[in-house]
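The values are calculated or read from the model by the stated rules, or taken from the named source; none is laboratory data. Nothing here was measured: the structure is a model prediction, and the numbers come from that model. Here the Cβ is made from the backbone with ideal geometry for all residues, glycine too, and neighbour counts use every protein chain on show.
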Amino acid sequence: MPTKKTCAHCGDEFQWCPDDRRAGKYCSVACYHKHVQTPKVSVRCPTCGKYFETPADRPTRYCSRQCYWKSGAPKPGKRNRVTKKCEWCGKAFERPASGFHSKHAFCCHTCSAFWWSHYGLRGIRHPSWKGGIMPAAYRTQWTRARKAILSAAGATCFLCGRRDKRLLVHHKVPITAFEDPRKANELHNLMAVCDKCHRGIHSGRTSVAKSGLT
């Protein structure tokens, strides 16, 4: 049965039913929020100098978001950032300090690629140096052998049978296993494979031996 109660905020009487979701202390949601709201204090905005009210338990320093951005205070995500000059294009750019992993700084991947192609480690200084440039006879033989294998493949991968116009030519036995690198380009040591199978071979996920092509 509905009963009469007195609002704890405004003092007015109201009808309250036990089935009502309200606790029975307030006549309306507005009275509830007004009664339980946090006490406020008046503070002065350091940017515009205007006084405004803010909750006493968690006061804000600025009266508005506009004043906050104008204040020059550290912004979220802007801390511990470093400004450097790109070594290729010369443009200044900003990045988190943790984003610099080398003594060389670049604003983008394109500038990085251009710089390393011009000034990167080459020749005997490179960690993958294998002893020098292949002889001209090897390069000529490789060009002819590559064309012959791709022509015979007919745009079909030797391993998975997928048709792909951008096939790669893979050495079954690596060039480094031959004393004469020209022997690595003999047709029985080459096969045309798609990019997926080629990556699978070098990562160990795809076995050339199981295909019967070794």
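May I ask you to list the residues in the range 178-202 that are in contact with a helix residue (DSSP H, G or I) (Cβ under 9 Å, 6 or more places away or on another chain) and small (Gly, Ala, Ser)? Correct list: Ala184, Ala192. The set of residues from the range 172-200 being under 16 Å from Ile149 (Cα atoms) and surrounded by fewer than 18 Cβ atoms within 10 Å (Cβ to Cβ) comprises Lys172, Val173, Arg182, Lys183, Glu186, Leu187, His188, Asp195.
Restricting the range 81-109 to residues that are touching a helix residue (DSSP H, G or I) at 6+ places or on another chain (Cβ under 9 Å) and more than 21 Å from Tyr119 (Cβ to Cβ), the residue that is modelled with the lowest pLDDT is Arg81.
The set of residues in the range 100-122 that are surrounded by 11 or more Cβ atoms within 10 Å (Cβ to Cβ), outside any loop (DSSP other than H, G, I, E, B) and small (Gly, Ala, Ser) comprises Ser112, Ala113. Each residue in the range 137-171 was checked for being closer than 22 Å to Ser203 by Cβ and exposed (fewer than 14 other Cβ atoms within 10 Å of the Cβ), and 3 of them qualify. Among the candidates Gly200, Gly161, Gly204, Gly154, single out the residue that is more than 30 Å from Lys91 (Cα to Cα), under 31 Å from the mean Cα position of the chain (by Cα) and modelled with pLDDT of 85 or more. Answer to the check: Gly200. Test Ser207 against the criterion of being over 15 Å from Tyr138 (Cβ atoms) and assigned to a helix (DSSP H, G or I), and give yes or no. So Ser207 does not fit the description; no. Of the residues making up the range 110-128, those that are modelled with pLDDT under 75 and hydrophobic (A, V, I, L, M, F, W, C) are Leu121, Ile124.
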